[in-house]
Amino acid sequence: MAGRLFRATLLRHPNAVLLTATRPLASAVGMEPTEAMLASLIRCGMTPAEGVASIDVFSTFVTASVLRQVQLPAGPEHDPHAQLRRWEKLSTRHRFRVSLVCCAKAG
């Protein structure tokens with residue numbers, strides 16, 4: 001249940017997923033869900049160290065799976081501005097030639 005709720009919340013706020021993955025919790029309010037989950041795991045028989053490790057694995061798995069789902073492709077082949085930068089590097093003479101070739105192929 002907690003995993004589904006956590007995942008659904010992250011999916012509703014895709015811009016916050018990277019922050020969740022890279023920033024540690026720094027406030028008492030932010031730690032409340034983690035403390036409640038840890039208390040529940042301890043009541044079920046885990047040691048505190050096992051509970052913390054389980055929570056770490058759980059949150060890492062959920063956050064990483066959502067991050068993979070919502071993240072835009074990365075890398076030079078997905079750079080929307082790469083073609084524009086290559087075009088700008090061409091001299092004016094070369095741009096004119098490329099334009100002529102493109103127009104000839106289109107016509």
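The values are calculated or read from the model by the stated rules, or taken from the named source; none is laboratory data. Note that the coordinates shown come from a computational prediction; the quantities given were computed from them, not determined experimentally. A quick note on method: Cβ atoms are made from the backbone with ideal geometry, for glycine too, and the neighbour counts reach across all protein chains shown.
Pick out, from region 1-59, the helices (runs of 4 or more DSSP H) lying fully within it that include 3 or more residues that are modelled with pLDDT of 90 or more and in contact with a helix residue (DSSP H, G or I) (Cβ under 7 Å, 6 or more places away or on another chain).
Details: elements: 2-12, 17-22, 28-43.
The helices (runs of 4 or more DSSP H) meeting that bar are 28-43.
Results for (1) without any contact (Cβ under 8 Å) to a residue 40 or more places away in the chain; (2) acidic (Asp, Glu), shown as yes or no for each residue.
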site	(1), (2)
His13	yes, no
Ala16	yes, no
Thr20	no, no
Met31	yes, no
Ala36	yes, no
Ala53	yes, no
Asp56	yes, yes
Thr63	no, no
